[in-house]
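Asks: I'd like to ask you about the structure that follows.
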Amino acid sequence: RRERVEPLGGCTLRLFSKKLRLRCGAKKLRLWRGKPACGADPTATPGKIPLSERGKTGLLERQLKHYNRGDMPHVGYLDKLCIAKIYEQLAEEEREMCETKGLFLAQIELADFPLPVLFQESGGGGGGNGPGGS
């Protein structure tokens, strides 16, 4: 007996930012239930969660990213108290987003590089608007 396997959902992630830098690090993506990723520009299945739907989590996650990268000073005893509370708050808001709004979220980790990786068209003087754009 063969079971039918179906994807949970899909989303589109732009690999390069508007400044043409390769995206790095942890990303939280919205999955569109029952839809394959479309890949068009503009996309019908954006992976990025809009600011209006993120609540406080967007700010907390951004600050946590800066902390983990070493952009903020570390203070041992305060870090243990605060970081645990932040993760607790993030988990609660994420659970709320999934239950009330019916969102499916996926966490992925993209490679980090010591220097920025920039997009550049091959051949000619450019003139394009980046990957996938015209």
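The values are calculated or read from the model by the stated rules, or taken from the named source; none is laboratory data. All of these numbers come straight from a predicted model, not from anything done at the bench. FYI the Cβ positions are ideal-geometry reconstructions off the backbone, even for glycines, and counts take in every protein chain you see. These accessible areas exclude ligands, DNA and RNA; they are computed on the full protein's heavy atoms, side chains included. Shrake-Rupley method; radii C 1.70, N 1.55, O 1.52, S 1.80 Å.
Asks: Select from segment 1-83 those GluC sites (Glu not before Pro) which occupy a DSSP coil region and have at most 10 other Cβ atoms within 10 Å, ordered by residue number. List each step's numbers first, then the result.
Replies: Details: sites: GLU3, GLU53, GLU61; in loops: GLU3.
For GluC sites (Glu not before Pro) across segment 1-83 that sit outside H, G, I, E and B with at most 10 neighbouring Cβ atoms in 10 Å, the list reads GLU3.
Asks: When all protein chains stay in place, what accessible area (Å², nearest 10, 1.4 Å probe) is found for LYS35?
Replies: 100 Å²
Asks: Using a 1.4 Å probe on the protein chains only, how many percent of the accessible area of segment 12-134 belongs to carbon and sulfur?
Replies: On the way: 5250 of 9110 Å².
Heavy-atom surface of segment 12-134 belonging to carbon and sulfur, 1.4 Å probe: 58 percent.
Asks: On the full set of protein chains, 1.4 Å probe, figure out the accessible area of CYS24 and give it in Å² to the nearest 10.
Replies: Counting only protein heavy atoms, the figure is 40 Å².
Asks: If you stretched the chain out fully between LEU51 and LYS101, how much longer would it get, using 0.36 nm times the residue separation minus the C-alpha to C-alpha distance? All intermediate terms of the calculation are to be shown ahead of the outcome.
Replies: Numbers: separation 50, 0.36 × 50 = 18.00 nm, distance 1.44 nm.
The span from LEU51 to LYS101 would gain 16.6 nm if fully extended.
Asks: Magnitude of the Cβ-charge dipole of the chain, K/R +1 and D/E -1, about the Cα centre, nearest 20 debye? Don't jump to the answer; show the numbers that get you there.
Replies: On the way: 23 positive and 16 negative charges, 53 e Å.
Charge dipole, the chain, about its Cα centre: 260 debye, nearest 20.
Asks: Let me ask something else. Once Lys and Arg get +1 and Asp and Glu get -1 on their Cβ, which of TYR87, THR43, PHE119 lies farthest toward the positive end of the dipole of the chain?
Replies: Of the listed residues, the answer is THR43.
Asks: Report the full-extension gain for the segment ILE83 to VAL5: residue separation times 0.36 nm, less the Cα-Cα distance, to one decimal in nm. Mind showing how you got there, number by number?
Replies: Details: separation 78, 0.36 × 78 = 28.08 nm, distance 3.85 nm.
This chain segment gains 24.2 nm when fully extended.
Asks: Leaving out ligands and nucleic acids, note down the accessible area per residue over the chain with a 1.4 angstrom probe, in whole Å². Please list the in-between numbers first.
Replies: On the way: 10450 Å² over 134 residues.
Heavy-atom SASA per residue in the chain reads 78 Å².
Asks: I've got another one for you. What distance in nm separates the simple spin-label points at ASP41 and ILE108, each placed 7 Å from Cα in the Cβ direction?
Replies: My value for the distance between the label points is 1.7 nm.
Asks: How much length would be gained if the chain were fully extended between HIS66 and ARG23, taking 0.36 nm per residue of separation minus their Cα-Cα distance, in nm to one decimal? Don't skip to the answer; put the middle values down first.
Replies: Values: separation 43, 0.36 × 43 = 15.48 nm, distance 1.50 nm.
Separation in residues times 0.36 nm, less the Cα-Cα distance, equals 14.0 nm.
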